[in-house]
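Here the structure comes first, spelled out in structure tokens, and everything after it is commentary.
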Amino acid sequence: MKKQLKTLLAVALSAALVSPVLAADKIALVVKSLGNGFFDAANQGAQEAAKELKNVEVIYTGPAKATAEGQIEIVNSLIAQKVQAIVISANDPDALAPSLKRAMERGIKVISFDSGVRKDGRMMHLNPSSNPLIGKKLVTMTQEAIGNTGEIAILSATAQATNQNIWIDEAKKVLAEPAYKGLKLVSVVYGDDQTDKSYREAQGLFKSYPNLKAIIAPTTVGVAAAAKAVQDEKMVGKIFVTGLGLPSEMAGHVKSGAVKSFAIWNPIDLGYSSIIAASQFISGKVTGKAGDKVSLGRVGTVTLDANGEAAMSDPFTYDATNVEKFAKFF
Ligand code: RAM
């Protein structure tokens, strides 16, 4: 009896000692909005990273609409839940900073990915690709579709989106180069990463600019909606759509001729890498200072610059020759 009690006590004690160690680290993946195929693909990669890391649980969350207010509410509740890390694609570079700072003061590791938070609101930002390269790509794809002259418009996501605003600025720099002087940017409109609003904004552009030749949409939601509007309004061949899209959502639009080419990086790898990066902060391997080498697992390693940022690979271009093949993946 005594022996049995001893064994029982020993088991209970070791369970008590071991269980805190076994409790999984909670990493929240906070996206701009739910229902966006791009973020669903990123989450697929994030869950893959969780499996690989073993003792990690990824909580996929985001507001219904792409607003900073919705994300702030979520961040506040994640602080209360005492997650170990927050990985966020921000709807605004500044508005999220105060609540994310509070999270960091409480010991939560914060990194941004895809769409950044300003430097004091996170420990690292992971760009999917080089921003100047994305700006250049958007313009060269437009030129390949319509030639050297014509009116063009941009259909973006939300007006405060960090990533789209940087890419638009980079595209404008390229458009200012002599080689592109025939491409006239007539308007920038915002579909807020909502399909119906993006569709209506595209229709608005057709009406306001009868000579419009191209729409550049640096958002997966906007580019698919604009291409559908071109098809529905029988504008195929008159107005071309290009931008950043998912092969799975764009294959039909390439087939219809509304889109000649578009680009994107691998969103699964982006989600995977962001979670692996966050785990490096949780374990204390990196702190986010310039020169830190952050492992992205099977994707490689990146080095943080003076701004605490790093970029992954070049965007990949899709057209009629390869879009079907990749549509299976994302
Ligand atoms: C949309 C989102 C996301 C962006 C992609 C290209 O899904 O706005 O932030 O990276 O498009």
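The values are calculated or read from the model by the stated rules, or taken from the named source; none is laboratory data. Everything quoted here is computed from the prediction, not taken from an experiment. Ideal geometry is used to build each Cβ from the backbone, glycine not excepted, and the neighbour counts take in all protein chains shown.
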Which pairs do you get when a residue that is under 14 Å from Gln164 (Cβ atoms), found in region 220-234, comes within reach of a residue that is assigned to a helix (DSSP H, G or I) and within 10 Å of the ligand (Cβ to nearest atom), reach meaning Cβ atoms under 6 angstrom, with the pair 6+ apart or on two chains? Thr220/Phe38
Name every residue in region 235-261 that is of a type in the set (Ser, Thr, Tyr) and either free of Cβ contacts under 8 Å to residues at least 60 places away in the same chain or surrounded by fewer than 24 Cβ atoms within 10 Å (Cβ to Cβ) (or both), in order of residue number. Ser248, Ser256, Ser261
Which residue is nearest to the ligand (Cβ to nearest atom), if the candidates are limited to region 27-44 and must be over 12 Å from the mean Cα position of the chain (by Cα) and within 15 Å of Leu246 (Cα to Cα)? Gly35
Cβ-Cβ under 7 Å pairs, at least 6 apart or on other chains, region 159-174 side within 12 Å of the ligand (Cβ to nearest atom), far side of a type outside the set (Asp, Glu) and assigned to a helix (DSSP H, G or I): Gln160/Ala68; Ile166/Asn131; Trp167/Asn131; Trp167/Ile134; Trp167/Gly135; Trp167/Leu138
I'd like the full set of residues that are in contact (Cβ under 8 Å) with a residue 60 or more places away in the chain and either not small (Gly, Ala, Ser) or not assigned by TED's automatic domain parsing to the domain that holds Glu249 (or both), limited to region 175-219. Asp192, Asp193, Gln194, Asn211, Leu212, Lys213, Ile215, Ile216, Pro218, Thr219
Going through region 226-247 in order, the residues found to be within 16 Å of the ligand (Cβ to nearest atom) and small (Gly, Ala, Ser) are Ala226, Ala227, Gly243, Gly245
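Test Ser283 against the criterion of being closer than 30 Å to Glu57 by Cβ and either away from the ligand (no atom under 16 Å from the Cβ) or among the hydrophobic types (A, V, I, L, M, F, W, C) (or both), and give yes or no. Before you say what the answer is, go through the steps one by one.
Working: closer than 30 Å to Glu57 by Cβ: yes; either away from the ligand (no atom under 16 Å from the Cβ) or among the hydrophobic types (A, V, I, L, M, F, W, C) (or both): yes.
Criteria met by Ser283.
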Those strands (runs of 3 or more DSSP E) completely within region 7-123 that have 1 or more residues that are modelled with pLDDT under 95 are none
Turns out the strands (runs of 3 or more DSSP E) fully within region 234-330 with at least 2 residues that are of a type outside the set (A, V, I, L, M, F, W, C) are 240-243, 293-295, 301-303, 316-318
Val189 - would you say it is in a loop (DSSP other than H, G, I, E, B), within 15 Å of the ligand (Cβ to nearest atom), buried (at least 20 other Cβ atoms within 10 Å of the Cβ) and of a type outside the set (Gly, Ala, Ser)? no
By residue number, the members of region 117-164 that are assigned by TED's automatic domain parsing to the domain that holds Lys238 and of a type in the set (Asp, Glu) are Glu144, Glu151
Matching option when the condition is β-branched (Val, Ile, Thr) and touching a strand residue (DSSP E or B) at 6+ places or on another chain (Cβ under 6 Å), among Thr242, Thr321: Thr242
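For every residue, the table says whether it meets (1) touching a Ser or Thr at 6+ places or on another chain (Cβ under 7 Å); (2) modelled with pLDDT of 95 or more; (3) outside the structural domain of Val30 (by TED's automatic domain parsing); (4) charged (D, E, K, R).
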| position | (1), (2), (3), (4) |
| --- | --- |
| Lys234 | no, yes, yes, yes |
| Val241 | no, yes, yes, no |
| Leu246 | yes, yes, yes, no |
| Ala251 | no, yes, yes, no |
| Ser256 | no, yes, yes, no |
| Val286 | no, yes, no, no |
| Lys289 | no, yes, no, yes |
| Val299 | yes, yes, no, no |
| Asp305 | no, yes, no, yes |
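Do you know which of the residues in region 248-266 that are within 21 Å of Ser156 (Cβ to Cβ), within 13 Å of the ligand (Cβ to nearest atom) and not aromatic (Phe, Trp, Tyr) is nearest to the chain's Cα centre (by Cα)?
Checking each candidate, the answer is Ile264.
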Identify, from the list Ala157, Ala145, the residue that is surrounded by 17 or more Cβ atoms within 10 Å (Cβ to Cβ), among the aliphatic types (A, V, I, L, M) and touching a helix residue (DSSP H, G or I) at 6+ places or on another chain (Cβ under 7 Å). Ala157
